[in-house]
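What follows is calculated from the coordinates using simple rules that are stated; it is not laboratory data. Not measured: the values here are computed from a predicted model.
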Amino acid sequence: MDLLILWLVAAAAVAGIAGLKHRTVWKWFFYGFMIWPVALIHVLLTGINKPCPHCATNIPRAAKICPNCRSELAARPVAGSERA
């Protein structure tokens, strides 16, 4: 019984970290429940995504075009690049 509780807590931790990185929480919970040591390492090594402002699909932060809706994403201005 204690092992099951530990397994559920570990799976919830994996899912929580995935949620912070804008990943699908329930998929990562299932992945973490099945093999949580591997899933924990995997989620820690994955990059952080951002939602597309047009279709809300999670995309890589460096994306300039959304792979789902093909809309162009506005580039963030770099600090100090504004000209007076």
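Observations on the structure shown:
- Solution diffusion estimate, µm²/s, Stokes-Einstein, the chain, Kirkwood Rh from C-alpha pairs, 4 °C, viscosity 1.567 mPa s: 88
- One decimal place: the segment Leu4-Ala56 gains 15.2 nm when fully extended, by the rule 0.36 nm per residue minus the C-alpha distance.
- Maximal additional length on extending the Ser71-Leu44 stretch stands at 6.8 nm, based on 0.36 nm per residue less the C-alpha distance.
- Under 5 Å, built H, 5+ apart or other chain: amide partners of Lys50: Ile59, Arg61
- With the convex hull of its Cα atoms as the shape, region 2-47 has an orientation-averaged projected area of 2.6 nm².
- HN-Hα J in Hz across region 40-54 - Karplus 6.51, -1.76, 1.60, θ = phi - 60°, x for Gly and Pro: 5, 5, 4, 5, 6, 8, 6, x, 8, 9, 9, x, 5, x, 9
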